[in-house]
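Enquirer: Structure below; questions to follow.
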């Protein structure tokens with residue numbers, strides 16, 4: 001497969017383009033866009049080349065490309081298990097961004113539940129454009145202000161990227177936001193898994209921790 005992948009020509013600047021899209025949509029959401037686009041133009045050989053060329057830099061892209069080659073065609077974005085995990089909360093603070101998953105949640109979440117997102121990322125992001133996509137449904141907060149949303153009916157939600165045994169990986173922002181003093185201030189700490197299979201490469205742009213750190217890990 002490596003020899004076939006090496007023979008496929010992909011556009012220059014692919015790495016930079018992926019980083020830009022991942023910043024505003026999330027790594028998994030961007031990966032599905034790129035994998036589908038490449039598959040549509042150059043088939044599975046193109047997807048293999050994409051993984052070989054950009055996978056080491058973007059392990060989520062690598063994982064989704066390999067899932068595609070193994071037959072996966074759609075991510076699982078059903079928000080029902082997340083809604084169950086959130087229960088009767090009235091406020092949700094999102095830490096990290098995955099547009100495919102967040103869009104699905106916003107569409108089903110009762111409008112009486114207030115939503116906020118911490119505007120911070122390892123990638124360059126036009127946050128005004130990101131929040132404009134949600135037409136006022138999601139409020140912007142930062143690391144200095146999100147704790148104002150804490151309470152007995154509040155939840156913190158982030159996105160996980162695979163699980164292997166007791167370990168998972170999440171955005172580094174989660175560790176900055178969810179310290180010991182914060183954990184007790186929120187009713188639920190929810191991780192929504194965006195990958196069907198665990199990463200096989202070093203989790204660049206992510207950090208590893210125990211899945212038990214969350215009150216709910218949604219597979």
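Taken together, the values in this text are just the output of simple stated rules run on the coordinates, not laboratory data. All values derive from a computational prediction rather than experimental measurement. Every residue, glycine as well, gets a Cβ built from its backbone with ideal geometry; the counts of neighbours run over all protein chains shown.
Enquirer: Please give the helix 14-25 orientation as an angle from the longest Cα principal axis of the chain, in degrees from 0 to 90, rounded to the nearest 10.
Expert: Relative to the chain, helix 14-25 is tipped by roughly 20 degrees.
Enquirer: Taking Cα atoms, how many degrees apart are the long axis of helix 27-54 and the longest axis of the chain, rounded to 10 and kept between 0 and 90?
Expert: 10
Enquirer: Sticking with this one: Using all Cα-Cα distances in region 2-69, what percent lands in each 5 angstrom bin from 0 up to the longest?
Expert: Histogramming region 2-69 at 5 Å steps yields 4, 20, 33, 29, 11, 3, 0 percent.
Enquirer: Between residue 72 and residue 132, with labels modelled 7 Å along Cα→Cβ, what's the label distance in nm to one decimal, could you check?
Expert: Going from the residue 72 label point to the residue 132 one covers 3.2 nm.
Enquirer: While we're here: Can you say what percent of the DSSP beta bridges in the chain, counting only those with both residues inside, are antiparallel? Round to 5.
Expert: 20
Enquirer: For residue 36 paired with residue 9, estimate the spin-label separation in nm (one decimal), with each label point 7 Å from Cα along the Cα-to-Cβ line.
Expert: With each label placed 7 Å out from Cα toward Cβ, I get 2.7 nm.
Enquirer: Quick one: 111, 53, 176, fewest Cβ neighbours within 10 Å first, how do they rank? Show your work: numbers first, answer last.
Expert: Working: 111 8, 53 17, 176 14.
Lowest count first: 111, 176, 53.
Enquirer: Turning to a different aspect of this structure: Compute the length gained on full extension between residue 208 and residue 164: take 0.36 nm times their separation in residues and subtract their Cα-Cα distance, giving the result in nm to one decimal.
Expert: Difference between extended and current length: 14.8 nm.
Enquirer: When averaged across all projection directions, what area in nm² does the alpha-carbon convex hull of the chain cover?
Expert: Details: hull surface 46.8 nm².
Quarter of the Cα hull surface area: 11.7 nm².
Enquirer: Can you give me the Cα centroid spacing of region 158-212 and region 87-107 in angstrom?
Expert: 15
Enquirer: Among 109, 97, 143, what is the fewest-to-most ranking by other Cβ atoms within 10 Å? Display every interim value, and only then the final one.
Expert: Numbers: 109 19, 97 27, 143 13.
Ordered by Cβ neighbours within 10 Å, fewest first: 143, 109, 97.
Enquirer: Ok, one more. Which angle from 0 to 90°, rounded to the nearest 10, does the C-alpha axis of helix 59-69 make with the longest principal axis of the chain?
Expert: Orientation of helix 59-69: about 60 degrees from the principal axis.
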